[in-house]
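Heads up: the structure comes next, in C-alpha cells.
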Amino acid sequence: MVLGMFSTEILSQDDYGKYRFIPAPDVWFNSEDGVRLGIRVLGEYEGSFKDGPHRLDAGIWLGTKIPENPVSYYLSFTEPIKSISDFGEEGSVQIISSIRTGFARHLIQLNKRWQNGFNELKYKEIAFSYSQEKMFDADYRPYPIQWSSSWKSLLGVNVQIHNESEESVFESNINFQQNVNPSSPSFSVLNMEAWDVFSLNEHFAFGVRVFGGFTSENTSNEYLYTASFAQPILWLGNGVSRANGTIPTNWLDNGFAHVSGSGNLRGYTNTKFSDLSIQGFNSIVAVNSEFEFPNPVSKALKEGMIGEFVFLKSYAFLDAGAVFESNPVLLDAGLGLQFSLNIPDFLGKPRGFALRYEVPFWISEPDAGDSNFKFRHLLGFGAVISL
C-alpha cells in the first residue's frame, strides 16, 4: 500500500537526462511479521517512460514483531539489450532476487516483446528464465502441508499474446517449468490459459476463460491444484495472499475467502475438491464464463471523471471443470459483483486490483450431506477474466 511518493535525482545520461530514485513508504500486515514497515524504490532515467536502461524496482521491510528473519527484501533490475530491441519491441535481461515471508527466489530472465507498429494493445511476449527457490520458514504459510522445503532449480519459458480493441480483449498464456535441481525430485509443470471478453452492446458483455494445468509425478506441493484456488506458489505474487494472517485463516478454512487463479471453480471453495489442509491434485481443466449486465453504480462511475479507471461490474457466472484422479465434472453457477481499479502502464498492461463478492448458489457436486442449491458466498481477491 503506497502512502506517499517523492523523487530524488542523481546521476545523468545524455539520452534521457538525470537518473532518479523514486521512493515510497510501504506498509503491510501478516501474523508472523506483525505490521511490516518498509520502503519501495523505483529507479529510472527521466524521460525514459520506463523503457530506458538500468530500471530498478526494489524494496526492504522490517517486521515489527521481530520474527526469526525480521528483514526482508525484493529487487528487480532490468537492462534493455540494444541488439534485439526496437521501438515498442524491447528485448531485455532481468534479474530478480527476493527473500521475504519465508520464501527465497533468485531469477535471471531474458524477455522479448513484439507489437504491431505503435499499437501497444496488440503484442506478443516471450520470456526464458532460470530460477532458484526455496520455502525456508513454514510459519508464514497458512497451510504448510501445501509446501515443500527443498531447493528447486527451475528452467522456464512463458509465451503471452494480447490483442485488445474497442470490441474485445483477448489474451493467451503458456507457461512451462522444469525442475533440474539434483537434490530435489525432478518434475514438470505446464499451465495454459486463454480468455476473451467481448462487448455485446453498450450495456452487456460476455467473457470466457479456458485453463489447463498439468504436472508430472513428484511435483512439489506448491505447484499442485485445487478446484477453486490458485496454485499455492501463485499466492506469493499478491501481497494480500503472500503470508499467513493478511487474509484471516478462518475465512479460508470455511471457504469465504478466495484467491483467484488456476481452475477458479468458485462454488467449491468449501468442499473436498478445494481442501487446503491436504495436498492438491496433479491436473485440472476448467472453463469460466461471465455475463455482465448493467447496474446503477457502474453507470454513475462511467459518467464520472474516474470512469476509465474504477469499475463496479455485476455479472452472472458459470464454471465447469475437472480435477482428475477419477473425480466427476464439477459445475457451479451464481451472481457476483466486482470492484476493480485498473490503471494501465506505459505498454497498456493493466496494473491494479480486483475485489469480488460472489454468490455461487448452485453446485453440481456438493459434499455428502450438503445441498446443490444453497446460499454460499465468498470474498474473492483478484480476477481471472480481466476488464
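Counting Lys +1, Arg +1, Asp -1, Glu -1, what net charge surrounds K65 among other residues with beta carbon under 10 Å of its beta carbon?
Numbers: positive: R36; negative: E32, D33.
Around K65, the surrounding residues sum to -1.
Would you mind computing the Rg to Rh ratio of the chain from its alpha-carbon coordinates, Kirkwood style for Rh?
Over the Cα atoms of the chain, Rg/Rh equals 0.96.
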For the chain, what is the mean residue ellipticity at 222 nm derived from helices alone (per DSSP H run of n ≥ 4: -39500 (n - 2.57); sum divided by total residues; nearest 500 deg cm²/dmol)? -1000 deg cm²/dmol
If Lys and Arg each add +1 and Asp and Glu each add -1, what is the summed charge of the other residues whose beta carbon sits under 12 Å from the beta carbon of N201? -3
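Which of the peptides 140-146, 84-90 is most tightly packed, and how do the rest follow, judged by the mean count of other Cβ atoms within 10 Å per residue? Walk me through the intermediate numbers first.
On the way: 140-146: 19.9, 84-90: 14.0.
Highest-to-lowest ranking by the protection proxy: 140-146, 84-90.
Label segment 16-143 by shape, choosing from rounded, prolate and oblate, from the square roots a ≥ b ≥ c of the eigenvalues of the Cα gyration tensor; if a/c is under 1.5 it is rounded, and otherwise prolate applies when a/b is larger than b/c, oblate when it is not. Don't skip to the end; give the middle numbers.
Values: a/c = 2.74, a/b = 1.81, b/c = 1.52.
Prolate, because a/c is 1.5 or more and a/b exceeds b/c.
Which of the residue pairs K313/K374; K18/K82; K82/K134; K65/K134 have a Cα-Cα distance greater than 29 Å in the structure shown? Can you show the working numbers first?
On the way: K313/K374 23 Å; K18/K82 20 Å; K82/K134 34 Å; K65/K134 23 Å.
The answer is K82/K134.
I need to check one value: relative contact order of segment 252-293, counting alpha carbon pairs closer than 8 Å and at least 6 residues apart, in percent.
Numbers: 23 pairs, mean separation 15.8, N = 42.
This gives 38 percent for segment 252-293.
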For segment 63-86 and segment 177-204, what is the separation of their Cα centres, given in Å? 24 Å
Which of the listed residues, T78, S48, I161, is farthest toward the dipole's positive end in the chain, when Lys, Arg count +1 and Asp, Glu count -1 at the beta-carbon? T78
In square nanometres and to one decimal, what's the mean projected area of the convex hull around the Cα atoms of segment 74-146? 6.4 nm²
GNM flexibility winner over the chain from G239, G63, G117 (Cα, springs under 10 Å): G117
Other residues with Cβ under 10 Å from the Cβ of L337 give, with Lys and Arg +1 and Asp and Glu -1, a net charge of +1
Mean projected area (nm²) of the alpha-carbon convex hull when segment 168-288 is viewed from all directions: 8.8 nm²
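With both partners inside segment 81-381, how many of the DSSP beta bridges are antiparallel, as a percent to the nearest 5? If you can, show how the numbers build up before the last one.
Details: 118 of 122 bridges.
Here the antiparallel bridges make up roughly 95 percent for segment 81-381.
Values quoted throughout were computed directly from the atomic coordinates according to the rules given, and no laboratory measurement underlies them. Keep in mind it's a predicted model, so treat the numbers as computed, not measured. FYI the Cβ positions are ideal-geometry reconstructions off the backbone, even for glycines, and counts take in every protein chain you see.
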